[in-house]
Amino acid sequence: MSGPDRGRFIAFEGGEAAGKSTQAERLARRIGALRTFEPGATVAGATIRSIFLDPATGDLDPRTEALLMAADRAEHVASQIGPALAAGQHVVTDRYLYSSVAYQAHGRGLDPAQVRDLSLWATGGLEPDLVVLLDVPVDVARARVRHAAPDRLESESVEFHDRVRSGFHAQATADADRWIIVDATGDVDGIEEQIWLRVESLLGPGWAT
C-alpha cells in the first residue's frame, strides 16, 4: 500500500476529551480526506464498540480488550482505510493502533511490543504518515467530560489515565519523525493552525487549503 499515487494517512491520538474528533474533522475537511474513527467505523466495528465501551460489559481481561480492538482495526483497514489510500484519497482517523498500545499496554499492563505487533499484524503493517498527539492533562480532560453517563474508559481512575497519557508520550518519543505533540488545552482555532503548519511542511505543497 505504497507508491506515488497512494493517499496520505494521518492519525489523531490522545486521551479522553482531548479534542481529537474536532481536529480530525477540521483537517479532513481542509484536505478533502476521508474522515474516520476507531472503534466502530464499520458495521462489525460498531458491534465491537458497543461491547467495549458499554459500562454494562463490566471488567474485561486486558487481552480481550486488545483482541477486540485489533479485530475492529483489521476490518477498518480492510474495508475503509486501505481502499481509500489505494485509490489516492487522503485519510484522517480519530484513533489508530497507538491507542491500543496506550490503553491496553500502558494502561492495563500488557506488553507494549506485543500489543503493537498484534495491531500491525491486523493491519498488514500499515502505519500513518503522521500521528498528531493532542495532549491534555488528565484533570483538564476529566473536567471536559460533562455528560452524565461516562463510558467504560471515561470511568477509569486518574491513575489509569495518567498511565495512558504516559504511554502516548513514550510512543511519540520513540518515533519522533512520525509524531507531533500539540498542547490541546488552548484555543481550538489555534490548535488547528499548529497542526496545519506541520501537515503543510511535512507533506509538502499540493495539499488543498
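Estimated from the Cβ-Cβ distance and a Förster radius of 25 angstrom, the FRET efficiency linking Val145 and Ala71 is about 0.40.
Given +1 at the Cβ of Lys and Arg, -1 at the Cβ of Asp and Glu and no other charges, the dipole of the chain around its Cα centre is 380 debye to the nearest 20.
How much length, in nm to one decimal, is gained on full extension between Glu159 and Arg63, taken as 0.36 nm per residue of separation minus their Cα-Cα distance?
Working: separation 96, 0.36 × 96 = 34.56 nm, distance 1.99 nm.
Here the answer is 32.6 nm.
Heavy-atom accessible surface of the stretch 1-124, averaged per residue, reaches 42 Å², computed with a 1.4 Å probe. Counting only protein heavy atoms and a 1.4 Å probe, the stretch 166-205 has 54 square angstrom of accessible area per residue. Its DSSP H runs of at least 4 residues, each contributing -39,500 (n - 2.57), put the calculated 222 nm mean residue ellipticity of the chain at -14000 deg cm²/dmol, to the nearest 500. As a calculated quantity, the FRET efficiency between Thr185 and Trp121 at R0 = 22 Å, using C-beta atoms, amounts to about 0.05.
Just need the Rg to Rh number for the stretch 1-77, please, alpha carbons only, Kirkwood Rh.
Result for the stretch 1-77 is an Rg/Rh of 1.03.
The overall shape of the stretch 50-209 is oblate: from the C-alpha gyration tensor, with semi-axes ordered a ≥ b ≥ c, the ratio a/c is 1.5 or greater and a/b is no larger than b/c. Per-residue packing, averaged as other Cβ atoms within 10 Å, sorts the ranges 102-110, 45-53 into the order 102-110, 45-53, beginning with the highest. Would you work out what percent of the accessible area of the stretch 1-147, with all protein chains in place, is carbon or sulfur (probe 1.4 Å)? C and S fraction of accessible area: 52 percent. Working ranking of peptides 14-20, 136-142 by packing, defined as the average number of other Cβ atoms within 10 Å per residue, highest first, is 14-20, 136-142.
Other residues with beta-carbon under 13 Å from the beta-carbon of Phe160 carry, at +1 per Lys or Arg and -1 per Asp or Glu, a net charge of -2.
The values are calculated or read from the model by the stated rules, or taken from the named source; none is laboratory data. Worth saying up front: this structure is predicted, and the values here are computed from it rather than measured. Glycine also receives a Cβ, built like all others from the backbone with ideal geometry; neighbour counts cover every protein chain displayed. For the accessible areas, the whole protein counts, side chains as well, though only heavy atoms, and no ligand, DNA or RNA atoms are used. Shrake-Rupley method; radii C 1.70, N 1.55, O 1.52, S 1.80 Å.
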